[in-house]
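The numbers here are math on the coordinates, done by the rules we state, and not lab data. This is a predicted model, so every value here is computed, not measured. All Cβ positions, glycine included, derive from the backbone under ideal geometry; neighbour counts span all protein chains shown.
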Amino acid sequence: MQLKAEALAAHLARGPLAPIYVISGEEPLVALEAADAIRAAARAAGFSEREVIHAQANSDWSWLAAGAHNLALFAAKRLIDLRLPTGRPGVQGAAALVAYASQPPPHALLLLSLPRLEAATRRAAWAQALERAGVWVEAARLSRAQLPSWIQQRLARQQQRAREDALAFLCDRVEGNLLAAQQEIAKLGLLYPTGELTREQVEAAVLDVARFETYDLSQALLAGDGARAVRIVQSLRAEGEPLPLVLWAVTEELRLVARAQQVLAQQQSLASLRQEFKLWGTRERLLPAAAQRMRDVDQLLVRCAQVDRIAKGLQVPSCDSDPWLELAELVLAACQ
């Protein structure tokens, strides 16, 4: 069974516990809290022993086939806390996991922690077997749209709430970094009494701990959010993200919009671009409006080539010598 992280608490409260729990995703705080909740529920259910195991593809997995079934005959109920940081168990590990999932021992509970898996790995036999035998919890990264609600829920736990302008400021400062966001929210609970928080209070207390990925820039570009797109460019620069990678992400989105405009001009469906550009989710939703909004995409692509030349140390007439500044101006123009 697949389960969203926000539904895990209700599942654990209903009981009984599943024999296997898998936590997979790219959001560390969500994964950590999900694992803590499962471990607490296991202790309450009588799993008094806990064994933490770090495994790799080349590890000896024989313990899972033999030890989990045999040792517990002479011991208390055990929680097997298995961490697989690569997300790839290898041939032997995959076989061991499939065998374990086919007949989970009643005296053991397996908690497997994984990073976010690629689609092909997610469809592997071992992953499917674990999901059928237990609960697969997705620790997905929160989108910007989900962040205000998440922050308000955290503030409510400490009997606080934020005004709309204070909440927007807080989202800007912690986006993409939930671990730091939780620390900043806890700080607000220590500094201020219960009740409503003003923007002035939040500004005085909260650090700028936002973290972005190139995917965030792609979304801001398609959404036409110029202020956020420029801020993401500045943040990626400060974090040491390679300029060629960021420029490639911008160029790919502009090429996508150009192709979408061609398809729409021929009165065809944008669904034909799904395979070519691996479209899904938010990008697919934002594309039609972006294709209608953007003008002179070819000229924007020319400016991408100019940024690339500047980054290689070449001079481009009427352009700044700093490629990051030119890139910021480019994304702002694309969002208008």
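Points to keep in mind about this one:
- Qualifying lysines (Cα of each under 30 Å from Cα of residue 187; at least 8 residues distant if same chain): 4
- Note on the chain: with a GNM built from Cα contacts shorter than 10 Å, the maximum mean-square fluctuation among 15, 189, 25 falls on 15.
- Mean projected area of the convex hull spanned by the Cα atoms of the chain, taken over all viewing directions: 21.4 nm².
- Overall form of the range 147-205 per C-alpha gyration tensor (a/c, 1.5; a/b vs b/c): rounded
- Additional length obtainable on full extension of the chain from residue 239 to residue 172, 0.36 nm per residue less Cα span: 22.5 nm
- FRET efficiency, 1/(1 + (r/R0)^6) with R0 45 Å, evaluated for residue 1 and residue 319 via beta carbons: 0.25
- Sparse-neighbour loop sites [GluC sites (Glu not before Pro); the range 236-334; at most 12 other C-beta within 10 Å; DSSP]: 239
- Cα gyration tensor category, rounded, prolate or oblate, for the range 2-139 with a/c compared to 1.5: oblate
- With Cα atoms defining each centre, the range 106-147 and the range 266-336 are spaced 35 Å apart in the structure.
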